[in-house]
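Below is one structure, written out as structure tokens; comments come after it.
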Amino acid sequence: MKKIGITCYPTVGGSGVIATELGKLLAEKGHEIHFITSSVPFRLDKVYPKVYYHQVEMSHYPVFQYPPYDLTLAAKMAEVIDREKLDILHVHYAMPHAICAILARDIAKHPVKIVTTLHGTDITVLAIDNAFTSIIRHGIEHSDAVTAVSNSLVQQTNEMLDIEKPIEVIHNFINEQQYYPKKIHNLKYQFGIEEDTKVLIHISNFRKVKRVQDVIYTFEEVQKDVKSQLLLIGDGPEYGDMLRLVDELGLQDKVQFLGKQNNISDILSMADLMLLMSEKESFGLVLLEGMACGVPSIGTNIGGIPEVLKHEETGYIVNLGDSYNAAKYAIDLLTDDEKWQMFSDNSLQHVRDYFASKTIVNQYEALYDTLLQENN
Ligand code: GMT
């Protein structure tokens with residue numbers, strides 16, 4: 001049994017989901033898990049044995065024009081390392097968590113190993129900002145071990161930061177207890193969707209990198225040939241522009257904006273096809289969630305997407321911005337029941353073969369073991 005601290009962004013987002021699900025599964029295997037975060041991670045939705053939560057409480061001292069969250073987090077990490085005698089502190093998302101963890105390790109008296117997992121924009125957006133490059137490089141080089149969620153992200157990290165540190169790829173996984181093909185009676189009806197209407201779905205934080213407009217342009221073509229609706233799940237900076245685009249294209253009756261949703265796996269049970277047309281995507285956890293529910297997908301040839309989605313097996317890969325081909329593939333799949341079923345079955349199998357939680361959690365455990373053996 002090990003004592004493992006975990007820090008992540010606790011609000012909605014794939015890195016927080018992975019960190020929390022990992023903590024829950026490690027606790028099920030007998031480890032003691034200590035979340036050190038600014039609020040309770042949203043997937044920590046009930047009491048779990050062997051899972052503890054330590055809140056990072058911000059000080060509002062009037063001298064601080066900018067309350068120092070990073071230092072408060074580092075101090076809290078150091079306190080928890082010493083009090084709980086943590087063996088491992090596993091931080092998700094380099095900025096600022098890796099740097100805070102290193103500072104905490106320096107402050108704490110109890111020896112601890114730092115594992116940093118890179119998730120995507122901590123490298124592909126933040127590390128190319130000159131203000132952050134050297135501090136992110138420092139965080140990576142001084143972690144005891146670094147993992148990334150795809151081969152593509154390792155390659156980008158090496159290219160952008162020119163670092164020597166080996167980075168291990170440990171792919172993301174899904175919680176099989178939550179994501180599986182469900183049959184929910186009357187759900188389509190409740191959303192005003194007729195039974196014979198095909199449902200396309202896109203789930204994201206509506207940031208520019210997600211190119212939600214390409215999803216809408218793809219759907220515009222699809223609905224001309226296939227009786228269909230588009231469900232847009234999530235919220236973010238592009239939301240207003242996307243509402244306007246749907247109005248301009250006259251698609252209001254066929255596109256539903258559902259905003260942020262918690263029960264994604266329920267909504268996925270209505271979906272026939274997922275679209276992810278991003279220009280940056282280190283992994284694309286939503287694709288995996290869709291696949292685990294038997295939903296084929298179309299994604300761009302970007303970042304880690306081709307490591308998750310298998311072209312012509314579980315869906316299709318198109319070039320960035322290629323709504324024309326995305327629509328062609330979508331129409332082809334949605335009008336061929338036999339092919340759709342094959343892609344759906346392939347998706348389920350692909351998740352079981354490569355992204356099973358058991359396999360991935362074992363990989364993290366093996367990494368912790370190696371680090372702790374180095375001590376002896
Ligand atoms: O970087 C972000 O956009 C947020 C981040 C997150 O915290 O959810 O997403 C990244 O990490 C996910 C979990 O590993 C990946 O599935 C996403 O592909 C990745 N996002 C990007 O690379 C844009």
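Here, each number is a calculation from the coordinates, and none is a lab measurement. Small disclaimer: the values here were computed from a predicted structure and weren't measured. Cβ: placed from backbone, ideal geometry, glycine included. Neighbour counts: every protein chain shown.
Normalised by residue number, the volume inside the convex hull of the Cα atoms of region 187-354 is 99 Å³ per residue. When shorter helices are ignored and each DSSP H run of at least 4 residues is given -39500 (n - 2.57), the per-residue value for the chain at 222 nm works out to -13000 deg cm²/dmol. Please give every one of the lysines within straight-line cross-link reach of LYS3, meaning a C-alpha to C-alpha distance under 20 Å, and leave out same-chain neighbours fewer than 8 residues apart. Reachable lysines: LYS24, LYS29, LYS50, LYS76, LYS85, LYS109, LYS113, LYS358. The alpha carbons of region 90-202 give a radius of gyration and a Dmax of 20.1, 64 Å, in that order. About the centre of its Cα atoms, the chain shows a dipole size close to 1040 debye [charges on the beta carbon of Lys, Arg (+1) and Asp, Glu (-1) only; nearest 20 debye].
For LYS339, the aspartates and glutamates whose Cα comes closer than 15 Å to its Cα, not counting residues fewer than 8 places off in the same chain, are ASP272, GLU312, GLU313.
With Cα atoms as the point set, the radius of gyration and Dmax of region 18-65 evaluate to 13.7, 45 Å.
Calculated on the alpha-carbon coordinates, the convex hull of region 157-237 measures out at 173 cubic angstrom per residue. Length gained on full extension, ASP225 to PHE42: 61.9 nm, using 0.36 nm per residue less the C-alpha separation. On the beta carbon distance between ASP129 and LEU71, with R0 = 25 Å, the FRET formula returns roughly 0.75.
Only Cα sites of the chain enter the Debye sum here, all with the same form factor; the resulting log10 I(q)/I(0) across q = 0.09, 0.14 1/Å is -0.54, -1.18, listed in q order. Sorted fewest first by neighbouring Cβ atoms within 10 angstrom, THR359, THR314 come out as THR359, THR314.
Just round it to a whole percent: the fraction of Cα-Cα distances in region 128-189 exceeding 19 Å. Please list the in-between numbers first.
On the way: 935 of 1891 pairs.
Here the tail beyond 19 Å accounts for 49 percent of pairs.
For the chain, averaging the sequence separation of C-alpha pairs within contact (under 8 Å, six or more residues apart) and dividing by the residue count gives a relative contact order of 13 percent. Put simply, the convex hull of the Cα atoms in region 295-376 casts, on average, a shadow of 6.5 nm². Along the axis of the charge dipole computed for region 187-354 (Cβ charges of +1 for Lys and Arg, -1 for Asp and Glu, origin at the Cα centre), the listed residues THR218, GLN261, ASN301 are led at the positive end by GLN261. Per residue, the convex hull around the alpha carbon atoms of region 1-114 comes to 100 Å³.
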